[in-house]
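Each remark here refers to the structure printed beneath this line.
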Amino acid sequence: MSQRLVNWFKYSSPATFYGLAGKLVPWFAASSVVLFAIGLYIGFFMAPTDFQQGEAYRIIFIHVPAAWMSMFLYLLMAGYAALGLIFNTRLSGMMAQAIAPTGALFTFIALWSGALWGRPTWGTYWVWDARLTSELILLFLYVGFIALQASIEDPRRADKAGAVLAIVGAINVPIIYFSVQWWNTLHQGASVSLTRAPSMASVMLAGMLIMVFACWFYSIAVVLVRVRAIMLERERSSAWVAEQLADAHA
Amino acid sequence: MNWGSLEAFVAMGGYGPYVWGTYIVTILLLAAEVLWLRGRRRTIVRRLGLMRDISRRRAHETQA
């Protein structure tokens, strides 16, 4: 038990995590590029034309992965923020800060692709229905988190304030997810669910899931690069940063 | 294979602007994030290198 505790805290120290993250980045980045290539090939060349929506449905290979990532990343960010509040570890706050911009990016892509998909299928770029509105609130939560942290000089206090915002805002994620069941929305229900067979062709589903994994690996690679930059920025006067730089320049 | 020609591929059955508007903006945003991060890392590494050089020089001067 004590052995495990020691290992956990070893990897929650920025000095150790910095090196580990640096080794992992190329693998996640390369996997992401390969998966994007396979996913796009399936999406454009193997998946058949949809009998109802024609070629417009091909937006799904961006839209659904981006929308899922926007919610996954928010929960991950709130989880790290909570860990930081409970255990007061330095790394947790840095991870939450590193996840936020990528989460905001995927939220924007989900909204953008949704608007461009809504126009040909619903006849409008935007409606104020529950799914679209709650996803827009998610974008504001990400932007609010980033702005709040940027406005507080002391990073440890910024982490605490941001953590409270992130945790309270997490209530929005189940609201987004269940909005299509709770309210009568223009947005369709879930295409993929654990309890019943997916309502789409298996080639389409395969392409979409590969794109989801590509987005996951992309996010992990980008977040690790960003958290390494944040570590250097925040801990620039510590001994381990000087050692890292000495190694890099040697 | 879904597409007989490049024109058919670009046209996307009449939905070209919507489909390509999604894919091109997504690719540009992801590429921008990667480039922006690369710049952020370079800036901090360079700044830390400068700080280290300055502190070394100071240490040198006080020794001399």
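The values are calculated or read from the model by the stated rules, or taken from the named source; none is laboratory data. The model shown is predicted, which means the values in this text are computed figures rather than measured ones. Virtual Cβ from ideal backbone geometry, glycine too; neighbours counted across all protein chains shown.
Put simply, of A:GLY162, A:GLY207 the only residue that is touching a residue at least 24 places away in the same chain (Cβ under 8 Å), more than 22 Å from A:GLY103 (Cβ to Cβ) and either in a helix (DSSP H, G or I) or among the hydrophobic types (A, V, I, L, M, F, W, C) (or both) is A:GLY207. Figure legend. Inter-residue proximity from segment A:37-50: first residues free of Cβ contacts under 8 Å to residues at least 24 places away in the same chain, second residues among the charged types (D, E, K, R), beta-carbon distance below 7 Å, spacing 6+ or different chains. Indicated pairs: A:PHE44/A:ARG58; A:THR49/A:GLU55. Could you tell me whether A:ARG119 is of a type in the set (Lys, Arg), in a helix (DSSP H, G or I) and more than 14 Å from chain B (Cβ to nearest Cβ)? In short, no.
Is it the case that segment B:17-38 has a residue that's more than 19 Å from the chain's Cα centre (by Cα) and hydrophobic (A, V, I, L, M, F, W, C)? Looking for residues that are more than 19 Å from the chain's Cα centre (by Cα) and hydrophobic (A, V, I, L, M, F, W, C), one finds at least one in segment B:17-38, hence yes. Scanning segment A:119-137 for residues that are within 20 Å of A:ILE175 (Cβ to Cβ), of a type in the set (Gly, Ala, Ser) and modelled with pLDDT under 95 yields a single hit, A:ALA130.
Picking from residues in segment A:122-137 that are within 14 Å of chain B (Cβ to nearest Cβ) and not aromatic (Phe, Trp, Tyr), the one that is nearest to A:ALA82 (Cα to Cα) is A:THR124. Criterion applied to A:PHE61, A:PHE140, A:PHE44, A:PHE106 was being more than 14 Å from every other protein chain (Cβ to nearest Cβ) and either part of a helix (DSSP H, G or I) or at pLDDT 95 or above (or both), and the one residue passing it is A:PHE140.
Do we have A:ALA78 as more than 19 Å from B:GLY21 (Cβ to Cβ) and either assigned to a helix (DSSP H, G or I) or among the small types (Gly, Ala, Ser) (or both) here? Before you say what the answer is, go through the steps one by one.
Values: more than 19 Å from B:GLY21 (Cβ to Cβ): yes; either assigned to a helix (DSSP H, G or I) or among the small types (Gly, Ala, Ser) (or both): yes.
Judged against the criteria, A:ALA78 is a match.
Residues in segment B:1-25 that are out of contact with any Phe, Trp or Tyr (no Cβ under 8 Å at 6 or more places or on another chain), β-branched (Val, Ile, Thr) and surrounded by 13 or more Cβ atoms within 10 Å (Cβ to Cβ): B:VAL19 only.
State which residue is farthest from A:THR102 (Cα to Cα) when the search covers only segment B:1-16 and only residues that are assigned to a helix (DSSP H, G or I) and under 30 Å from the mean Cα position of the chain (by Cα).
At the first step, the residues of segment B:1-16 found to be assigned to a helix (DSSP H, G or I) are B:6-14, B:16.
Right, trim to under 30 Å from the mean Cα position of the chain (by Cα) and you get B:6, B:9-12, B:16.
Working: B:LEU6: 33, B:PHE9: 30, B:VAL10: 29, B:ALA11: 31, B:MET12: 29, B:GLY16: 27 Å.
So, considering only residues that are assigned to a helix (DSSP H, G or I) and under 30 Å from the mean Cα position of the chain (by Cα), the one farthest from A:THR102 (Cα to Cα) is B:LEU6.
Of all residues in segment B:8-54, those being modelled with pLDDT under 90 and more than 9 Å from every other protein chain (Cβ to nearest Cβ) number 4.
The rows are residues; the columns are (1) at pLDDT 85 or above; (2) surrounded by 18 or more Cβ atoms within 10 Å (Cβ to Cβ); (3) within 26 Å of A:ALA130 (Cβ to Cβ).
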| residue | (1), (2), (3) |
| --- | --- |
| A:VAL168 | yes, no, yes |
| A:GLN188 | no, no, yes |
| A:ALA201 | no, no, no |
| A:PHE213 | yes, no, no |
